[in-house]
1. Just name the residue that is nearest to the ligand (Cβ to nearest atom) out of those in segment 23-38 that are of a type in the set (Gly, Ala, Ser) and open to solvent by 70 Å² or more (accessible area, probe 1.4 Å).
2. I'm told Leu55 meets every condition in (1) out of contact with any Ser or Thr (no Cβ under 7 Å at 6 or more places or on another chain); (2) buried (at least 22 other Cβ atoms within 10 Å of the Cβ); (3) not acidic (Asp, Glu) except one. Can you identify the failing condition by its number?
3. Any residue that is within 11 Å of the ligand (Cβ to nearest atom), at pLDDT 95 or above and farther than 26 Å from Glu202 by Cβ - is there at least one of those in segment 124-135?
4. All but one of (1) modelled with pLDDT of 95 or more; (2) out of contact with any Phe, Trp or Tyr (no Cβ under 6 Å at 6 or more places or on another chain) hold for Met97, so report the exception by its number.
5. State whether one or more residues within segment 109-117 are touching a Leu at 6+ places or on another chain (Cβ under 7 Å), more than 15 Å from Gln43 (Cα to Cα), touching a residue at least 60 places away in the same chain (Cβ under 8 Å) and away from the ligand (no atom under 13 Å from the Cβ).
6. Evaluate the following for Thr90: is it over 19 Å from Leu165 (Cβ atoms) and either at pLDDT 95 or above or touching a helix residue (DSSP H, G or I) at 6+ places or on another chain (Cβ under 6 Å) (or both)?
7. Residue by residue through segment 86-99, note down the ones that are more than 10 Å from the ligand (Cβ to nearest atom) and open to solvent by less than 50 Å² (accessible area, probe 1.4 Å).
8. Show me the helices (runs of 4 or more DSSP H) entirely contained within segment 113-223 in which 2 or more residues are open to solvent by 20 Å² or more (accessible area, probe 1.4 Å) and closer than 21 Å to Thr98 by Cα.
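The values are calculated or read from the model by the stated rules, or taken from the named source; none is laboratory data. Please read all numbers here as calculations on a predicted model, not as lab measurements. As a convention, Cβ positions derive from the backbone with ideal geometry for all residues, glycine included, and neighbour counts pool all protein chains shown. For accessibility, only protein heavy atoms count, side chains too; no ligands or nucleic acids. Shrake-Rupley method; radii C 1.70, N 1.55, O 1.52, S 1.80 Å.
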Amino acid sequence: MTQIPTPLTPTLYTYWQSIGFRDHSLLKELSTFNQTLAQKDFQASPEVAHFLGFLVSLLKAKSILEIGTFTGYSTLTMALNLPKDGTIITCDKDQAMTEIAQKYWAKANVAHKISLRLGDALQTLKDLQEDEVTFDLIFIDANKNGYDAYYEEAIRLLRPEGLILLDNTLWHGRLIEDPLPDTQSKAIKELNKKIQQDRRVEMVMLPLSDGLTLVKKVSVPSL
Ligand SMILES: C[S@@+](CC[C@H](N)C(=O)[O-])C[C@H]1O[C@@H](n2cnc3c(N)ncnc32)[C@H](O)[C@@H]1O
């Protein structure tokens, strides 16, 4: 058995991106456009986005919550994989970037499935608690210092056996530095430990792109 993962050299990474999934023309277009923005690193990687879309389809998810919209790339990949009656609520506080998102959703004919909530994401999540809605799948991809609070709200808003995905849980490799270089590293490192020990969930972290953690809410928490 091979113990050491195949090193992902830049050349191998380029090959993988060319063969690892089928890119949708609008996702490609939006990703290319995002590269022209100062915040180009905000967008989820194509491989994470396509994996998300695949999971939406595999799990037959119908109600999705996304925390962190930006220009709508990950929203779009999930919306393209939703059934006709599926819906996404997506949260962000950036009006200018989410206006770009709305243009692309309209172009892909999925705008009717997506409800954008502009404002502080934590407040939006608290408002959703009051509406007593639940979700099949929740994607967390906003400010890293807020991840723990988003995770707790997400656990409450997720149906039993539902799935939470957290992006960037390897945080550019900074989590193994000593001392930790920034507050985001500390926040993510503490949350990673908490999730591993959290008896309310089953979990697995994949070293996909910048780290993607999958969390399934169990029906009956173990002792
Ligand atoms: C990493 S980007 C999201 C990328 C997006 N999922 C994609 O794949 O294109 C993070 C987003 O979180 C938003 N954000 C940061 N702090 C927030 C907050 N407190 N409330 C709402 N949105 C916030 C930012 O405006 C930014 O657009």
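1. Among them, the one singled out is Ala38.
2. (2)
3. For segment 124-135, residues within 11 Å of the ligand (Cβ to nearest atom), at pLDDT 95 or above and farther than 26 Å from Glu202 by Cβ: present.
4. Here Met97 clears every test but (2).
5. Initially, segment 109-117 is screened for residues touching a Leu at 6+ places or on another chain (Cβ under 7 Å), giving 110, 113.
With the extra rule that they be more than 15 Å from Gln43 (Cα to Cα), the set shrinks to 110, 113.
Among the residues that remain, those that are also touching a residue at least 60 places away in the same chain (Cβ under 8 Å) are: none.
Checked segment 109-117: no residue is touching a Leu at 6+ places or on another chain (Cβ under 7 Å), more than 15 Å from Gln43 (Cα to Cα), touching a residue at least 60 places away in the same chain (Cβ under 8 Å) and away from the ligand (no atom under 13 Å from the Cβ).
6. Spelling it out, it is not the case that Thr90 is over 19 Å from Leu165 (Cβ atoms) and either at pLDDT 95 or above or touching a helix residue (DSSP H, G or I) at 6+ places or on another chain (Cβ under 6 Å) (or both).
7. The answer is Gly86, Ile88, Ile89.
8. Per the criteria, 121-130.
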